[in-house]
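Read through the structure below, which is laid out as structure tokens, and then see the notes.
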Amino acid sequence: MHFHTFDEASYRRLLGHACAEAGASVEEFARVSTPDYDEYIAILRRTQSDRPEERAARPRTFPGVDIVVPVYNAREDVTACVESVLRHARGDWRLVLVDDASTDPELAAYLDRVAESHPPVRLLRNAANLGFVRTANRGMRAAEGRDVLLLNSDTIVTAGFLERLQACVYADHRTGIVSPLSNNATICS
């Protein structure tokens, strides 16, 4: 768990659910299952900012977000990703799809349909395959000063995803980057 994602109370609640089946107290379970528990809690206490003047400085509304999705083939994954964003994104958002010279004509047709039928969708196409990093950078450059959320094309988002990420990043002025947790990812994902 990343210290910008959970505060101490949330961390303890989460551990409470996990330890219920283990028959251990939150403290016992956390110390056994999380070797760096003490360090984690110390970091939380050192970095949490909940002073009234800092709470007052937090934005009540969030700036616009460009959700950038680099695309290369994988039509089923891309479709599921795009449909989940369209279903769950709220507020001031745009979806920037960057097709990295995919070879699947059905995917190309799908991307065209989505861009034509959904005004917040912008479709960029690379003339040649540039690879993930250059394609992601192209999409992020298109953000024009807005916040950026970079998603892999096999990501499925859920209700409230954008609001939760924005609340996290804007909870503390020292935070510059947040990242969601994944059920299937590793530290290298």
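Nothing in this text is a laboratory measurement; each read-out follows from the coordinates by a stated rule. Small disclaimer: the values here were computed from a predicted structure and weren't measured. Methodologically, a virtual Cβ is constructed for each residue, glycine included, from the backbone with ideal geometry; neighbour enumeration extends over all protein chains shown.
Summary of computed values
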quantity	calculated
Inter-label distance for residue 106 and residue 164, nm, one decimal - labels placed 7 Å from Cα along Cα-to-Cβ	3.2
Anisotropy class of the stretch 65-169 from Cα gyration tensor, a/c 1.5 cut	prolate
FRET E, pair residue 156, residue 127, Förster distance 30 Å, beta-carbon r, rounded to 0.05	0.55
Exposure proxy order (Cβ contacts within 10 Å, fewest to most) of 132, 62	132, 62
Distance in nm between pseudo-label sites at residue 86 and residue 117 (7 Å out along the Cβ direction from Cα)	0.5
Sequence of 88, 173 once ranked by neighbouring C-beta atoms within 10 Å, starting from the fewest	173, 88
Burial ordering of 177, 67, 156, fewest other beta-carbon atoms within 10 Å first	177, 156, 67
Computed FRET value (nearest 0.05) for residue 77 with residue 174, which takes r as the C-beta separation and R₀ as 25 Å	0.10
